[in-house]
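Peer 1: Shown below is the structure under consideration.
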Amino acid sequence: MKSKSAPVDGLLDELQTTLANGSVGRRIETLRRVTDLFLSGTIDYSDDQITLFDDVFQCLINHIEVSARALLADRLATVDNAPRGTVRALAFDDTIEVAGPVLSQSERLDEASLIEAARSKSQAHLLAISIRKVLSRAVTDVLVQRGNAEVVQSTVKNPGAEFSDSGYDRLVKRAADDEDLAACLGLRPTLPRHLYLKLLAKASNTVRQRLEAANPKRAVDVPTAVREAARRARTAPAAVTKQTDIAHALVKSLHEDGRLDQHLVTQFAEEGRFDETNAAIAALANVTVATAESMMLESRAEGIMILAKVAGLSWSAVKTVIRMHDELSGAEPSDLDACKATYERLRPSTAQQVIRFHRMQQNVPAT
């Protein structure tokens, strides 16, 4: 194999002369020659040689115009072993024409650099990051926190993006005022079930306002239309994630084996496991998961207490479930003293009647 060292070493002497006495045009021509030389033998270069190229590139990009830096960024963006220092310098360039190609494509940028850029650079830089093939939870956390509407929606639409629970929670809150974001977010297959329901509840309010504005004379019919839309959405296949299926299967197995009791319900709730908690209460109350979800979502603490009374749960367990619900939904904390008094007064027969009413509502065909 022919050594690449000699041409590179020769360019170092030329580089010193160019930087000291050369015109802008000569510097650009030197950059072109160095780039051509690097790209012609990237698979052959050793780590030391790539480090040498890195030094040469960084000396040159500090003394050339934007268009030349942008061309270099475009040429290096998809190179697997592009010099890391050069790529990072290009990524942090204030001009998006320079930074964009490497921020959106280069695999030589590590997570720490992406996070730093996302925290400090412009919205255009964040938008470039948002379209990368793979985005970690740590990176999307920053994009969701700092990004404008365009950046956030681009990130949510990216199938290679992963989101933390806190990231999803922030997205649901932002979606309350952004219908386009709500629509995109609702299609994410990894959106946790309890956040999907929270998103649905907020979206239902938007549907209500739209229908009322479109036809004030039929405003009285809007609540029924909203409930029907919510019912269809909850039962749609896209609304149920793989994690939800696993949780429901676990609870079903526990129930069939006779191991499901209020202690497990309490444990699920303490751990914030909405799917398991909801499915467990549904099984103990002998109602469908959809019925339980509807009551917990639409009635807040009242629905939980009705289900719990039929399921025969103690107040200690009910209190834990209410706290979980309030925390996951972002709602104001329930008045637990008032809830306790209501729960103790609530008769099982009354709770059964309310559940029968909910079943009837769910079975009413759409008009």
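Peer 1: Taking amide H positions as placed in the peptide plane 1.01 Å from N, state which residues far from Ala161 in sequence (5 or more) or on other chains have amide H under 5 Å from it.
Peer 2: Leu135
Peer 1: Using 0.36 nm per residue, how much length does the chain from Arg33 to Ser136 gain when fully extended, once their Cα-Cα distance is taken away?
Peer 2: Once the chain is fully extended between Arg33 and Ser136, it gains 33.5 nm.
Peer 1: Let me ask something else. Please give the peptides 183-189, 302-308, 252-258, 152-158 ranked by average Cβ packing (other Cβ atoms within 10 Å per residue), highest first, as a rough proxy for protection.
Peer 2: Listed from highest to lowest mean packing, they are 302-308, 152-158, 183-189, 252-258.
Peer 1: What FRET efficiency would be calculated for the residue pair Gln145, Thr51, taking the C-beta separation as r and a Förster radius of 35 Å, to the nearest 0.05?
Peer 2: Result of the calculation: an efficiency of 0.50.
Peer 1: Also, quick follow-up: Between Glu179 and Glu162, how many nm apart are label points set 7 Å from Cα along the C-beta direction?
Peer 2: 3.5
Peer 1: What is the Cα centroid distance between segment 91-121 and segment 169-199, reported in whole angstrom?
Peer 2: Using only Cα atoms to place each centre, the spacing works out to 27 Å.
Peer 1: In this model, which of Lys133/Lys242; Lys121/Lys242; Lys198/Lys309; Lys157/Lys319 are farther than 26 Å apart at the alpha-carbon?
Peer 2: Pairs exceeding the cut-off: Lys121/Lys242; Lys157/Lys319.
Peer 1: So, one more: May I ask for the net charge around Ala161, where only other residues with Cβ less than 12 Å from the Cβ of Ala161 are counted and Lys, Arg are +1 while Asp, Glu are -1?
Peer 2: Net local charge, Ala161 excluded: +3.
Peer 1: Sum up the charges of everything whose Cβ sits under 11 Å from the Cβ of Glu116, counting Lys and Arg as +1 and Asp and Glu as -1, but leave Glu116 out.
Peer 2: Around Glu116, the surrounding residues sum to +1.
Peer 1: Want the number for Asp335 to Phe357: 0.36 nm per residue separation, take away the alpha-carbon distance, what's left?
Peer 2: 5.3 nm
Peer 1: Would you mind computing, in nm to one decimal, how far apart the modelled labels at Ala112 and Asp245 are, each placed 7 Å from Cα along Cα→Cβ?
Peer 2: Distance between label points: 4.0 nm.
Peer 1: Could I have the simple spin-label model distance between Lys252 and Thr78, label points 7 Å from Cα toward Cβ, reported in nm to one decimal?
Peer 2: In this crude label model, Lys252 to Thr78 measures out at 4.6 nm.
Peer 1: Right, something else. Please state, to two decimals, what the Cα-based radius of gyration of segment 27-131 comes to when divided by 2.2 N^0.38 Å (N = residues).
Peer 2: 1.01
We did not get these values from a lab; they are worked out from the coordinates using the rules stated. Worth saying up front: this structure is predicted, and the values here are computed from it rather than measured. For neighbour counting, all protein chains shown are included, and Cβ atoms are generated from backbone atoms with ideal geometry for every residue, glycine included.
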